[in-house]
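What follows is calculated from the coordinates using simple rules that are stated; it is not laboratory data. On a predicted model such as this, the values are computed, not experimentally measured, just so you know. We place every Cβ from the backbone using ideal geometry, glycine too, and count neighbours over all the protein chains shown.
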Amino acid sequence: MLNLAANMASYQRIVILTGAGLSAESGLGTFRDAGGLWTKYDLEDIATPEGFARDPVLVQGFYNDRRAQAAAAEPNAAHLALARLESEHAGALLTVTQNIDCLHEAAGTKGLIHMHGELFKAWCLACDSRQAWQSDIAPETPCPACGKAGALRPDVVWFGEMPYRMEEIYAALGTCDLFISIGTSGSVYPAAGFVAEAARAGARTVELNLEPSDGASLFDDTRHGPATQVVPAFVDELLKTKNS
Ligand code: APR
């Protein structure tokens, strides 16, 4: 790991991928850990367009609960360390998150792509407008833009739907020289394939996760432990090496 830190100062184009594990210590649930959301709900019912069509009340209620929890959550030391890295790193840095909470923004990260959408946005299926949204969405809630009732859904990407801004993400992966994956099980594509894309571009690849992810063997380096410990330590090393 020393040689990784020693080389750190030379990295110019960093891509960071984050997952639910980053927000776990802010009190927000992950999906596949013991007690995770997909151990309590059937994702076919909750996170697919078909599930939404079958039971919009169940799906809206699930996301209303998660929106309220996320609104009450605070960014943790890992979110704050990543925002510090972005502000102090002289080169390019893109944060791609699978998370739909707004804790990266609350910590100060600016260059951010929510590839799975955002809890705090609503999408109207009647007029295709997207609105910032803080409160509950009920099946009869009218769209503020077109007034139609019953056409609003959370602006989150469900299974079977195309994640957002993939062209920008692949362009960044194709030119990055450091790829850092944080708090994700590496079990859902296309995000799970990003490490291979970065490696193909010649980037150094690092996994920071509570435990080895499904894709751990694909990384050049791995550090395991809680994000609030592992991420700030990694960022400190990176910035200290750069400034030394
Ligand atoms: N610190 C660091 N990592 C953690 C922590 C923690 N405190 N707690 C859990 N983790 C790790 C787990 O070990 C696991 O590898 O975070 C990962 C969480 O994995 P998942 O629950 O599968 O979440 P994620 O990888 O973000 O899921 C990807 O699947 O259901 C879809 O759209 C959903 O965006 C989500 C996608």
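Net charge of the neighbourhood of Gly183, taken over other residues with C-beta under 14 Å away and scored Lys/Arg +1, Asp/Glu -1, is -4. Stretching Glu88 away from Lys110 to a fully extended chain increases their span by 6.7 nm, per 0.36 nm per residue minus the current alpha-carbon distance.
Taking the Cα centre of the chain as origin and assigning +1 to Lys and Arg Cβ atoms and -1 to Asp and Glu Cβ atoms, the resulting dipole is close to 460 debye. Our summary gives the chain a relative contact order of 24 percent, counting only alpha carbon pairs under 8 angstrom and 6 or more residues apart. A cut-off under 15 angstrom between Cβ atoms defines the neighbours of Ala126, and their net charge, with Lys, Arg +1 and Asp, Glu -1, is 0. Only bridges whose two residues both fall in the chain count here: according to DSSP, what percent of them are antiparallel, nearest 5? Once the DSSP bridges in the chain are tallied, antiparallel ones form about 25 percent. Rounded to the nearest 20, the Cβ-based charge dipole of the stretch 20-66 about its Cα centre (Lys and Arg +1, Asp and Glu -1) stands at 80 debye. Short-range pairs are left out: with C-alpha atoms under 8 Å and at least six residues apart, the relative contact order of the stretch 130-244 is 16 percent. Translational diffusion coefficient of the chain at 25 °C, 0.890 mPa s, Stokes-Einstein with Kirkwood Rh over Cα pairs, in µm²/s as a whole number. The calculation lands on 132 µm²/s. What's the center-to-center distance, using Cα atoms, between the stretch 183-230 and the stretch 19-62 in Å? Centre-to-centre (Cα) distance: 22 Å. Taking the chain as a Gaussian network of alpha-carbon nodes connected by springs under 10 Å, the highest mean-square fluctuation of the residues Phe194, Phe179, Phe62 belongs to Phe62. Each Lys or Arg adds one and each Asp or Glu subtracts one; over the other residues with Cβ under 10 Å from the Cβ of Ile100, this totals 0. Positive-end ranking of Ser187, Ser129, Gly36 along the dipole of the chain, with charges on Cβ about the Cα centre, is headed by Ser129. Dipole magnitude for the stretch 136-244: about 180 debye, using +1 per Lys or Arg Cβ and -1 per Asp or Glu Cβ, origin at the Cα centre. Here the relative contact order of the stretch 17-141, from alpha carbon pairs under 8 Å that lie six or more residues apart, stands at 25 percent. Applying a 4.7 Å Cβ-Cβ cutoff to the chain, the cysteines left without a disulfide-compatible partner are Cys102, Cys176. The order of Leu43, Leu238, going from fewest to most other C-beta atoms within 10 Å of their C-beta, is Leu43, Leu238. Once each of the GluC sites (Glu not before Pro) sitting in a DSSP loop with at most 13 other beta-carbon atoms within 10 Å is removed, the chain keeps 1-139 as its longest stretch.
Size descriptor for the stretch 96-174, Kirkwood hydrodynamic radius: 13.7 Å (Cα pairs only, one decimal). Hull volume per residue, based on the alpha-carbon atoms of the stretch 8-127 and their convex hull, is 125 Å³.
With an a/c value of 1.5 or above and a/b not larger than b/c for the gyration tensor axes a ≥ b ≥ c computed over the alpha-carbon atoms, the stretch 170-244 is described as oblate. Membrane-span-like helices in the chain, defined purely by DSSP H runs whose alpha carbon atoms cover 20 Å or more axially and whose average Kyte-Doolittle hydropathy reaches -1.0, are 56-72, 227-243. Positive end of the dipole of the chain (Cβ unit charges, origin at the Cα centre): among Asn99, Leu178, Gln12, the Cα lying farthest that way belongs to Gln12.
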